[in-house]
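Peer 1: Pasting in a structure now, in structure tokens, and then I'll have a few things to ask.
The values are calculated or read from the model by the stated rules, or taken from the named source; none is laboratory data. Bear in mind that the values here come from a model prediction, so they are computed numbers and not experimental data. Note that each Cβ is placed from the backbone with ideal geometry, even for glycine, and that neighbours are counted across all protein chains shown.
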Amino acid sequence: MTDPNERPLPEQVVEAPGPVVSMAQEGAPPEQTQEGSAYRPSYLFLALISAITVVADLGTKHWALRRLETPEGIATPMQIIEGKLAFVLARNRGGAWGLLQGASDVIRKPFFLLVSCVAIVFIVSLYRRLAPTQRALKWGLPLVLGGAIGNLVDRVRYSWVVDFIDVHIIHNGRAYHWPTFNIADIAICIGVGLMAIDMLGSRPKTKPVANPLSEPPADSAESS
């Protein structure tokens, strides 16, 4: 039987648990906490650096055609550092290191146009997958893209590339002559170097694997 003087206890109200937010999520940047968001590289940066490279390359080539050769076609080299650096106009019908230099235009021009277009498409597609930490690759790809476009413009206009930077190096009494090049070639070399730095720096570090025979299992150690 119940006591008439006994008062009923108040009902306990149980609140529904709310969403649990960890400290890592609170301090995480918006692109990591919001679903569907991801890092997107700046195409404006890609276009700007590539455009600067193309303008510098085509501008210096235009100067070389007007300054390093007379209207009659007579070469007028310009010595910058005697015996080491000079500006000499050269019409490079081949590729790097004289590739397809002696081939006919029917083979050479379509080949280099195809290679240049494939390289441009590859660079743009690779830039789309950039990660925020790939700073070297972020600069390297626009430089390679600008250099490739600069040389491609020459091949479309002239069927050859304007080269004018001529370097001679003397080491241990021996003289070495570097093939004549241009600003586009410099940008491509720097860009490829930055790409190599990114590839070497992003390699995952392998952790040493413990030998299971060197240490006894945890269960056997506790049982003893």
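Peer 1: When residues of the range 168-182 are filtered for being touching a Gly at 6+ places or on another chain (Cβ under 8 Å) and either closer than 18 Å to Pro77 by Cβ or of a type in the set (Ser, Thr, Tyr) (or both), how many remain?
Peer 2: Count: 3.
Peer 1: Something else: Just to be sure before I move on: is Ala148 in contact with a Leu (Cβ under 7 Å, 6 or more places away or on another chain) and at pLDDT 90 or above in the structure I sent?
Peer 2: So Ala148 does not fit the description; no.
Peer 1: For the range 48-65, check the following and say yes or no: at least one residue is on the phi > 0 side of the Ramachandran plot and either part of a loop (DSSP other than H, G, I, E, B) or at pLDDT 50 or above (or both).
Peer 2: Step one: list which residues in the range 48-65 are on the phi > 0 side of the Ramachandran plot, which gives none.
Within the range 48-65, not a single residue is on the phi > 0 side of the Ramachandran plot and either part of a loop (DSSP other than H, G, I, E, B) or at pLDDT 50 or above (or both).
Peer 1: Can you find, within the range 120-168, the residue that is nearest to Glu69 (Cα to Cα) among those that are touching a strand residue (DSSP E or B) at 6+ places or on another chain (Cβ under 6 Å) and assigned to a helix (DSSP H, G or I)?
Peer 2: Ranking the qualifying residues of the range 120-168, first place goes to Asp154.
Peer 1: So, Phe111, is that one surrounded by 14 or more Cβ atoms within 10 Å (Cβ to Cβ), out of contact with any helix residue (DSSP H, G or I) (no Cβ under 9 Å at 6 or more places or on another chain), at pLDDT below 90 and assigned to a helix (DSSP H, G or I) or not? Steps first, answer last, please.
Peer 2: On the way: surrounded by 14 or more Cβ atoms within 10 Å (Cβ to Cβ): yes; out of contact with any helix residue (DSSP H, G or I) (no Cβ under 9 Å at 6 or more places or on another chain): yes; at pLDDT below 90: yes; assigned to a helix (DSSP H, G or I): yes.
The answer is yes for Phe111.
Peer 1: Turning to a different aspect of this structure: In the range 107-147, which residues are hydrophobic (A, V, I, L, M, F, W, C), within 17 Å of Asp185 (Cα to Cα) and in contact (Cβ under 8 Å) with a residue 60 or more places away in the chain?
Peer 2: Result: Trp139, Leu141, Leu143, Leu145.
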